Amino acid sequence: SAPHIEALREVRHLVFEAFGAVRDVADVPPVQGAFYTLVDVKTRLSPMECAERLIREHGVAAIPGTAFGLTSGCVLRVSYGALARDTVVEGMRRLTRGIRAIAGG
């Protein structure tokens, strides 16, 4: 329905706007029509170690890219299709803060 599509569009906009804060420590390629994005964190940690730290230290989850056959770098898959506008802002705040901490440490 049109309201649902508009809500998803707004959530997607908020997600990619938040990723702007970590462009210096993570690459976030543009996606078309997906409910997720990939984030390549500039760190020597494995994707699993990065995902575990995000959960433990920052209270936010991402899936290691290795679960999808991505073996180069520290790639995480971040899904946002089920997020509501009010939860996406807090989730992205935690995620970007975590990415910055992990890439800097």
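The values are calculated or read from the model by the stated rules, or taken from the named source; none is laboratory data. Predicted model, so just to flag it, every value in this text is computed and none were measured. Virtual Cβ from ideal backbone geometry, glycine too; neighbours counted across all protein chains shown. Just so you know, the surface numbers come from the protein's heavy atoms only, side chains and all, with ligands and any DNA or RNA stripped out. Shrake-Rupley method; radii C 1.70, N 1.55, O 1.52, S 1.80 Å.
The portion of the accessible surface of the chain made up by carbon and sulfur, rounded to a whole percent, is 57 (1.4 Å probe; DNA, RNA and ligands excluded). The angle between the Cα long axis of helix 2-19 and the main principal axis of the chain comes to about 30°, on a 0 to 90 degree scale. Computed from the C-beta positions of Ala21 and Ser1 and an R0 of 22 Å, the FRET efficiency is 0.10 to the nearest 0.05.
Remark: relative contact order (the chain) = 35 percent; criterion is Cα-Cα distance under 8 angstrom and separation of 6 or more residues. Using Cα springs under 10 Å in a Gaussian network model of the chain, which residue among Leu76, Leu95, Leu14 shows the largest mean-square fluctuation? Of Leu76, Leu95, Leu14, the most mobile in the Gaussian network model is Leu14. The residues of the chain expose, per residue, 58 Å² of accessible area to a 1.4 Å probe. For the chain, the longest principal axis of the C-alpha atoms and the axis of helix 85-104 are separated by about 20°.
Each Lys and Arg Cβ is given +1 and each Asp and Glu Cβ -1; about its Cα centre, the chain then shows a dipole of about 160 debye.
On full extension, the segment bounded by Arg93 and Ser79 gains 3.6 nm, given 0.36 nm per residue less the C-alpha separation.
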